[in-house]
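Here's the structure we're looking at; comments come further down.
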Amino acid sequence: MTPARGARARKAPRTGTRAFAATWWGQAWVDALEASTLDAGRLSRGRTYTRKGMVGPVTAAPGLLRAEVEGSNPWPYDAAVHLRVLTDAQWNTLLDAIAAQAGRTAALLDGEMPADLVDDARTAAVPLLPEPSELDPECSCPDWGYPCKHAAALCYATAAHLDDDPFWLFTLRGRTKDAILTALRTRRQALTGTTSQTDDAPRSQGVPAGEAFASFSGAFSPPAPEPDEAASGEPEADPLPLTTAPPPGAPFTLDDLEAITRDTAQLARGLAAGHTASLTSTPLEDAVRLAASGVGEDRFHRLASATGLPALNFTRLVRARRHGGPAGVAVARAPLSPDPAAMAAARTALLDPDNADGVDPAARTVRLRVWRNRLTADNEGIQIRLGPDNRWHPYIREGHGTAAEWWPCAPATADPVAALVAARTAATAN
């Protein structure tokens, strides 16, 4: 992760809609944000929130920006912006372009983004600066705007950090500064036939663990999907049970400690295998994960209360986690911007009676309403949602009238037809 550096962070400007960035690449980020929506009102509120200092520390990780943003509630909202990471082939092309001119590395280390580098990368189909359609905002607030004012504020606040350090763009595209400099040294050594240990930047004694894991995940092929107990059906082995009870009057029990120990052991195993998602987990995501692991009723309610969410909303996220893992939580929290081709292919598969492949033909005869990543059969009260894991998450509508809400109802699957059948089965059972 790359946290905002408070010592170098500049205060947001007081006036002007295009004054949040002092560099051309920072302004390109702002332009991409403002071109991604026609909702000038939410952008205006986002600028106001940024100027008032309502955006907390911004963290950049491969494909993800995060910050807590203050709003109308007593607790801050968790805002995020997703950006597509580059493939290994695209990274090789980009690194070759940087290494082709020694001055480019020097400019980057001096805090400058070479314009000709961006142009050369774009010509080679490597998008370093974001396109408007690539910024995918997410927020825990109830506002369905895209982006909402909190996510917009995060984007405006990010512009100043991009001004300070152009390597933030590289981090968002999938690789940290250290990983890039290491790759450039390797290229230079291969060209010169040397094994020099000289570096373009001062040596340090180490790097933060989060950055090391992020660097690992960017420099090598991505690991297999993060293991999820609900999806695999194979529970993780428990660590040795604790035998020492908490002191009298402690606000936690022995069961609480054992639950945290199990969770910590599982996270450690995942990190050792290269799964870095937990490094950017928010307190809300941690609470949902713990609650989904099977804690007792008292602890469940304490976790829900600590998040500030209504109990019903927290319960929905926990159920989503159990059915779909971390991606299930993302699907439940906010609508996503899917690949249009994936949505079109799923809709075609669901409506094509000649492509049933042994699945209930009735699943093909549905009237579907399409919105963002959701395919909804309103007359049946069922819905499937495409997640960031490229799986389909089944939902059913529970309740009556205006009180009816969508709830996850079955494990996610890569097949949209199977997901629709699972939703229909759950609706019938309900």
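The values are calculated or read from the model by the stated rules, or taken from the named source; none is laboratory data. A quick note: this is a predicted structure, and the numbers were derived from the prediction, not measured. Here Cβ is always computed from backbone atoms with ideal geometry, including for glycine, and neighbour counts include all displayed protein chains. For accessibility, only protein heavy atoms count, side chains too; no ligands or nucleic acids. Shrake-Rupley method; radii C 1.70, N 1.55, O 1.52, S 1.80 Å.
Structure above, values below:
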| quantity | calculated |
| --- | --- |
| Net length gained if the chain between ALA341 and ALA306 were fully extended (0.36 nm per residue, minus Cα distance) | 8.6 nm |
| Per residue accessible area of segment 104-155, 1.4 Å probe, in Å² | 38 |
| Residues THR186 and ARG122, FRET efficiency given R0 of 22 Å [Cβ-Cβ distance, rounded to 0.05] | 0.35 |
| Length gained when the stretch THR87-SER133 is fully extended (0.36 nm per residue, less Cα-Cα span) | 14.8 nm |
| Phi to ³J(HN,Hα) by Karplus 6.51 cos²θ - 1.76 cosθ + 1.60 over segment 284-299, Hz, x for Gly, Pro | 5, 5, 5, 5, 5, 4, 5, 5, 6, 7, x, 6, x, 4, 4, 5 |
